[in-house]
Amino acid sequence: MKLKHYFLALGLGIVLLAGIALFATFRTGGDLKSPSCLFYVTEGFVLLLMAYLWLFYKKTIRPYDTLVSGMELVRELDLTTRLAPSGQHETDVIVRTFNDLLNRLRNEHLKLEEQYSFLRLLIEASPMGVVQCDINGNIASMNPAARQMISPAVEEAMGSLPLGETTTVRIPGAPQLYRISHQSFPDRGYQHPFFLIESLTSEVRRAEKAAYERVIRMIAHEVNNSVAGIVSLMVNGKLKMEDVDGASERLKALSEFVTRFAEVVKIPQPQLQLCDLSEEVEACRPFLENLCQSAHVQLEFCLTDEAAPVRIDTILFQQVLINIVKNAVESIGERGGLITITSVPARLTITDNGRGIKPSVAPHLFTPFFSTKPQGQGLGLLLIRDILTAHHCTFSLMTDPTDHSTRFIIQFPASTQSPQKN
């Protein structure tokens, strides 16, 4: 029962007592004009009780209502409203203490909100992918970087990665390499798991390039020493005439060998200019058709009529396109086949129906010096990778398991400007 109810019951009791006093006065023969002494005593006592109740209400019930209002503010998490002083010293001490408590709670709440907002913005802007999971291990949320990195291969690695472990994943048919860490943090008695996805593509690429630059310098040094010896014999006349042709062919082969290696580390910075993608493919058509005709391969073009402005270095782009088609022709072989070049705004796809890429080979594509050809040096895709990366393109090479066709897809950074017509 609330305190207000007790106060109301006491007031009703006083009113009842006053009524009994009046009834007793009339029973003793008195009236309202000449009341008895008992009536005055009783009525005076009732008035005194009423005054005391009013004072009791001001001193007790009003402060109680004030405190109840404060409890309602806390229950509703209203940390901006404050209690007004009641004019009573004891109550105002409680009011000041309560308002001070609300101020501290509000400041702590604002501090936590600022920290949460800062951490949320930091996670959203982080280049590292952050995937948050619920206590059951299901994905609850992820930041924009994780959305760009997520793929079936990454999801498969996340699903099989034990808590506290770290692994690396290379995307099949693409040069991307990711490091995935499975961690957790305690909160309210539960361990909340999460994944960190870090791109290692640029670091590995720099390390690879530094490694094969040293290899190329070493090969060039050794080959040049051999060539210098042969040239010296020819100049001094110690080489027999019948060996001149063989030596010449050997020198030519060595020169081409060294040149192919040297081209990888001498790729110039692309001079980007705004061009129409379909027009640049058309400009390269004669070279591509010559490649296909010599191998009895049919070449088809499905180029969009829409404006497809992209920023490219036309010379490097043609080199990339020729290398991709040359690889497709070699994949088809002597049995003949079809190569289709399709363009849509900011995307180019080269499709062939050759032998395809084996699943065991896919993770090693775009790796320096890796080749499936008996005499291959593993530099073709490496050259393509470095040129397209310098153009800030995303690309992939894979065989579709449904129709067994191989597709090289190049996604260019979109441009809203119109290319200049020559």
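The values are calculated or read from the model by the stated rules, or taken from the named source; none is laboratory data. It should be emphasised that the depicted structure is a prediction, and the values quoted were computed from it without experimental measurement. Because the Cβ atoms are built from the backbone with ideal geometry, glycine has one as well, and the counts that use them run over all protein chains shown. With ligands, DNA and RNA removed, areas are computed over all heavy atoms of the protein, side chains included. Shrake-Rupley method; radii C 1.70, N 1.55, O 1.52, S 1.80 Å.
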In nm, spacing of pseudo-spin labels at Y190 and L338 (7 Å Cα→C-beta vector): 5.4 nm
Distance from the stretch 286-312 to the stretch 102-161 (C-alpha centre basis), Å: 45 Å
q = 0.11 Å⁻¹, the stretch 115-201: log10 I(q)/I(0) [Debye, one scatterer per Cα]: -0.29
Accessible-area composition of the stretch 148-198, carbon plus sulfur, in percent [1.4 Å probe]: 50 percent
Full-stretch length increase - L163, T349 - with 0.36 nm per residue and alpha-carbon distance subtracted: 63.0 nm
Carbon plus sulfur fraction of accessible area for the stretch 297-399, probe 1.4 Å, in percent: 54 percent
